[in-house]
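We did not get these values from a lab; they are worked out from the coordinates using the rules stated. Keep in mind the model is a prediction, meaning the values are calculated, not measured. Cβ placement follows ideal geometry from the backbone for every residue including glycine, while neighbour counts extend to all protein chains displayed.
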Amino acid sequence: MKKNLLGYTLPQMTEEFVALGQTKYRAKQVYAWVYQKRVLSFAEMTDISKDFRATLERDYCLDLPKIFTRQDSSDGTIKLLLEMEDGAKVETVLMPYNYGDAICVSSQVGCNMGCAFCASGLHRRTRNLTAAEMMGEVLVMDQLLSQWGRRVTHIVVMGTGEPFDNYDNVLSFVKAANDQSGLSIGARHITVSTCGLVDGIRKYGKEGIQINLAISLHAPNDEIRNQIMPISKGYPMDKLMEAVKDYEENAGRRVTFEYILLAGLNDSLAHADELADLIHRYQIFAYVNLIPYNEVAEKPYRRSSMKQVKAFADRLMKRGVNTTVRKEFGGDIDAACGQLRSKVLKEGQE
Ligand code: SF4
């Protein structure tokens, strides 16, 4: 099987080509063709010798996933269900912010974390995505954007899957996306989001990279978190907060806590106070990003009213916690993460 060179970091590609007897410069040339000129055909890489191009054609590829289904929202959101070489399907979403175009990337096919509110978790993980497949998600969307003279400017690894359950591939992908000779997307414009794998957070804090970290918290205490996020039983709140605190000290970066508001479960002002207490108790300088819930037919949870979302945000801010409310996208398409994939898989079974 040919190796897909997308998603190789520059050092990985250099090592690969040097092992084939090539100079280090070859990797830089291929990188420039792929990421600066967006050329994905070895035949067009005319400054590379014919012999080496033949080797590349024989043993390597730069294949992108195929678009299986596409949904366009009136607000400019584009949701793609992409099909990988083996037929596996994953969602990728374009969110057009006023400051740029952000892509939400999936990191696994399905997810084992079992968060109770999540459509992605309806289907167990069948495999990890490779770095090349994650880069493929970005490049497919980038090709769509190019028709309007736009480029992907931000990446969030927040789609289906738990990134730290696929640690090495995710790290290769984000490093290639961040590399100045690669996609050259600034570290502060890339975010990796975990549901709270403490070992992963500790490892990530020692990587020496500036790429953002977000934690899906969704509850102010263990009691509620245990109800909606099974991972919490293995990594309770105190262990999670200690890891976040250590991360902030090691990496010198603030984290963002993602918090989905579920009506009647975690959205009262008492919960907001409890969350503020928690953050202050551990002296964490986090941001909190409140997420209005996209309801999922198979799940019992309901969306909090916008009045409640605002009151929750106001209370946190009054308590000295930096808080934002996430802009909503794709209300007229299958907005919830994993919803489109789930629908297509279900139709396939019928
Ligand atoms: S919220 Fe994220 S980690 Fe949890 S089940 Fe869904 S995809 Fe997996």
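Compute the separation of the alpha-carbon centres of region 251-270 and region 312-338 and state it in Å as a whole number. Between the Cα centre of region 251-270 and that of region 312-338, the gap is 9 Å. Measuring from centroid to centroid over Cα atoms, what is the spacing of region 1-70 and region 158-180 in Å? What the calculation gives is 20 Å, centre to centre.
The rule of thumb for compact globular proteins, 2.2 N^0.38 Å, goes into the C-alpha radius of gyration of region 27-149 1.23 times.
Here the spin labels are modelled as points 7 Å beyond Cα on the Cα-Cβ line, and at Lys203 and Asp277 they lie 3.5 nm apart. Ratio of Rg to Rh for region 66-349: 0.94 [Cα atoms; Kirkwood radius as inverse mean 1/r over pairs]. In order along region 199-208, the Karplus-derived 3J(HN,Hα) couplings, from 6.51 cos²θ - 1.76 cosθ + 1.60 at θ = phi - 60°, round to 4, x, 4, 5, 5, 4, x, 9, 6, x Hz, and Gly and Pro are given as x. Note on the chain: with a GNM built from Cα contacts shorter than 10 Å, the maximum mean-square fluctuation among Thr92, Thr46, Thr14 falls on Thr46. Averaging over all projection directions, the Cα-based convex hull of region 3-61 occupies 3.5 nm² in the image plane.
Each residue of region 313-323 was assigned a 3J(HN,Hα) from its phi angle through the Karplus expression (A = 6.51, B = -1.76, C = 1.60, θ = phi - 60°), giving 4, 4, 5, 4, 5, 4, 8, x, 9, 5, 9 Hz with x at Gly and Pro. For region 235-279, GluC sites (Glu not before Pro) meeting the loop criterion (DSSP other than H, G, I, E, B) and having at most 15 other Cβ atoms within 10 Å: none. Put simply, the amide H of Thr191, placed in the peptide plane, has neighbours under 5 Å in Ile155, Val156, Val157, leaving out anything fewer than 5 places away on its chain. Taking amide hydrogens as placed 1.01 Å from N in the peptide plane, the amide H of Ser304 sits under 5 Å from those of Ala263, Tyr293, each at least 5 positions away in sequence or on another chain. Taking the average, over residues, of other Cβ atoms within 10 Å as the packing measure, peptides 231-237, 322-328 rank 231-237, 322-328 from highest down. Taking the inverse of the mean 1/r over every pair of distinct Cα atoms in region 202-350 gives a Kirkwood hydrodynamic radius of 16.6 Å. Checking Cβ-Cβ separations below 4.7 Å across the chain identifies Cys61, Cys104, Cys111, Cys195, Cys337 as cysteines lacking any candidate disulfide partner.
For region 29-35, putting each phi into the Karplus relation 6.51 cos²θ - 1.76 cosθ + 1.60 with θ = phi - 60° gives couplings of 5, 4, 4, 5, 4, 5, 9 Hz, in residue order, rounded to whole numbers and with x for Gly and Pro. What is the local net charge at Ala276, summed over the other residues whose Cβ is closer than 13 Å to its Cβ (Lys, Arg +1; Asp, Glu -1)? Taking every Cβ under 13 Å from that of Ala276, the sum is 0.
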